[in-house]
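One structure below.
The values are calculated or read from the model by the stated rules, or taken from the named source; none is laboratory data. What you see is a predicted model, and the numbers here were worked out from it, not measured in a lab. Cβ atoms come from the backbone with ideal geometry, glycine included; neighbour counts cover every protein chain shown. What goes into the accessible areas is simple: the full protein's heavy atoms, side chains included, and nothing from ligands, DNA or RNA. Shrake-Rupley method; radii C 1.70, N 1.55, O 1.52, S 1.80 Å.
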Amino acid sequence: MLYVTRREVFSASHRLYKKELTDQENEKIFGKCSNPSGHGHNYVLEVIVCGEINPKTGYVIDLKLLKKIIREIVISKIDHKNLNVDVDFLHGIIPTTENIAVAIWKQLEKRIPDGKLYSIKLFETENNYIEYRGSNEN
Ligand code: NI
């Protein structure tokens, strides 16, 4: 089994909060991430596809194709956007790194033509990242 990684970067803003709570209660849970007017991150996304080498091409998946798919399905929708408001596949969820990683997985899972989606890694800062490898039901 081989693991092929495509790395993309995007910038986006968000606010972590729950509507039903006061600003003070939100600050208790989410700290400065609940700043009422939001804040931004330079995210790094790694999409890892696993599979065997196709003897016809020598590839697991053509990385040019993987790049195109990720940019069309994910990056074009979230880069320079407000993650609380602008992104259809994030509506109704708190845009934590965890939730964004799961949402990106759901967008990409069935769109990978060769190999299989293995992992989504989403870095919110240099030191903090989340990895999602799908639900246990898969
Ligand atoms: Ni944040």
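Share of region 1-71's accessible area from carbon and sulfur, percent, 1.4 Å? Walk me through the numbers on the way to the answer.
Numbers: 2410 of 4570 Å².
C and S fraction of accessible area: 53 percent.
Distance in nm between label sites at residue 75 and residue 116, each 7 Å beyond Cα in the beta-carbon direction?
Taking the two extended label points, one gets 2.7 nm.
5 Å is the cut-off here: which amide hydrogens, built 1.01 Å from N in the peptide plane, fall below it relative to residue 84, excluding neighbours closer than 5 in sequence?
Correct list: 15.
Once fully extended, how much extra length lies between residue 62 and residue 125, figured as 0.36 nm per residue of separation less the alpha-carbon to alpha-carbon distance? Working shown, then result.
On the way: separation 63, 0.36 × 63 = 22.68 nm, distance 2.85 nm.
Fully extending the segment from residue 62 to residue 125 adds 19.8 nm.
Would you mind calculating the relative contact order of the chain from Cα pairs under 8 angstrom and at least 6 residues apart, reporting the percent as a whole number?
Computed over the chain, the figure is 29 percent.
I need the semi-axes of the equivalent ellipsoid of region 1-54: take the C-alpha gyration tensor, multiply each eigenvalue by 5, square-root it, list largest first in whole angstrom. Walk me through the intermediate numbers first.
Details: eigenvalues 279, 32, 10 Å².
Values for region 1-54, descending: 37, 13, 7 Å.
I'd like to check one number: the per residue accessible area of the chain, probe 1.4 Å, reported in Å² as a whole number. Intermediate values should be presented prior to the final figure.
Working: 8590 Å² over 138 residues.
On a per-residue basis, the chain sits at 62 Å².
Go ahead and run the numbers for FRET between residue 8 and residue 29, Cβ-Cβ distance against an R0 of 35 Å, rounding to 0.05. Walk me through the numbers on the way to the answer.
Working: r = 30 Å, r/R0 = 0.85.
Once rounded, the FRET efficiency stands at 0.75.
How big is the Cα convex hull of the chain in projection, averaged over all directions, in nm²?
On the way: hull surface 36.9 nm².
Result: 9.2 nm².
Using θ = phi - 60° and the Karplus relation 6.51 cos²θ - 1.76 cosθ + 1.60, list the HN-Hα couplings for region 107-122 in order, rounded to whole Hz, with x at every Gly or Pro.
Values per residue, Gly and Pro as x: 5, 8, 3, 8, 10, 8, x, 10, x, 9, 4, 9, 7, 10, 10, 10 Hz.
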